[in-house]
Amino acid sequence: MIQKIKVLERIMDAGLVAVVRAENSEQAVRIADACMQGGVAAIEITFTVPGAAKVIEDLAKTYKSGEMIIGAGTVLDPETARIAILSGAQYVVSPSVNLDTIRLCNRYQVPIMPGAATIKEIVEAMEAGADIIKVFPGEILGPNFVKAVKGPLPQANLMPTGGVGLDNVGDWIKAGCVAVGAGGNLTAGAKKGDYQSITEIGKQFIAKIKEARAAI
């Protein structure tokens, strides 16, 4: 339980999860390095990546000292969640609410962040034991959705993914999100081999999150 709390605290302290859709393990490690240098505490390897479990395993070995928190994303079912956890994933993210996946993650005491797009889904996920609710798809729902949810559900820990960029990350935080997930807007430079840009954008994300939190 203590390990689970530590993982959640680090994610929420930094406020940023890097969503990685790498082409291979080497690229994933380079993205992770660039993110870490930019102050990004958590990296999420999605199961749309070829050989995702092996990528997670390699990253878990590379960062075994705990300097980077490695998670698994696009986890659709408990079978995939268990593979991810046994590969070394320290948290699990899903695009939807799957109660069996939430139960399995709770069994292993691994943080689970299911995706939800309605009040009903958010409440169901919370009742099942979800730690953070992924507001998804973020580009469609928007920060105003979070504000509306936080009215009746101030206790909900929300994290948007999709459409989160430097231009609106502050709006998400001010709306009440505990963290944000950023994909292409953070890691796009990897396609061109420009990993330095990931580090710089990561720093800007962290700075804007801190600025938004200070203004609340």
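As a ratio to 2.2 N^0.38 Å, the alpha-carbon radius of gyration computed for the chain takes the value 0.93.
Could you tell me what percent of the DSSP beta bridges with both partners in the chain are antiparallel, to the nearest 5? Rounded to the nearest five, the antiparallel share is 0 percent.
Fraction of C-alpha pairs exceeding 24 angstrom in segment 111-210: 25 percent, rounded to a whole number.
Distance between the modelled labels on Asn185 and Asp167, one decimal in nanometres: 0.9 nm (7 Å Cα→Cβ projection). Counting only protein heavy atoms and a 1.4 Å probe, segment 1-123 has 43 square angstrom of accessible area per residue. For segment 24-121, the alpha-carbon radius of gyration amounts to 1.05 times the rule-of-thumb value 2.2 N^0.38 Å expected for a compact globular protein. The peptide list 128-135, 5-12, 65-72, put in order of mean Cβ contacts within 10 Å with the highest first, becomes 128-135, 65-72, 5-12. Calculated from DSSP H runs of 4 or more alone, at -39500 (n - 2.57) each and per residue, what is the 222 nm mean residue ellipticity of the chain, nearest 500? When only DSSP H runs of four or more count, the value is -15500 deg cm²/dmol.
With a 1.4 Å probe and all protein chains left in place, how much of the accessible area of the chain comes from carbon and sulfur atoms, in whole percent?
Ligands and nucleic acids excluded, carbon and sulfur reach 53 percent.
The packing ranking of peptides 187-198, 47-58, highest mean first, is 47-58, 187-198, where packing means the average number of other beta carbon atoms within 10 angstrom of each residue.
For the chain, the Cβ-based charge dipole about the Cα centre amounts to some 320 debye (Lys, Arg positive; Asp, Glu negative; other atoms uncharged).
The values are calculated or read from the model by the stated rules, or taken from the named source; none is laboratory data. In this text the structure is predicted, and so the values were computed from the model without any measurement. Glycine also receives a Cβ, built like all others from the backbone with ideal geometry; neighbour counts cover every protein chain displayed. The area values use the complete protein model at the heavy-atom level, side chains included, leaving out ligands, DNA and RNA. Shrake-Rupley method; radii C 1.70, N 1.55, O 1.52, S 1.80 Å.
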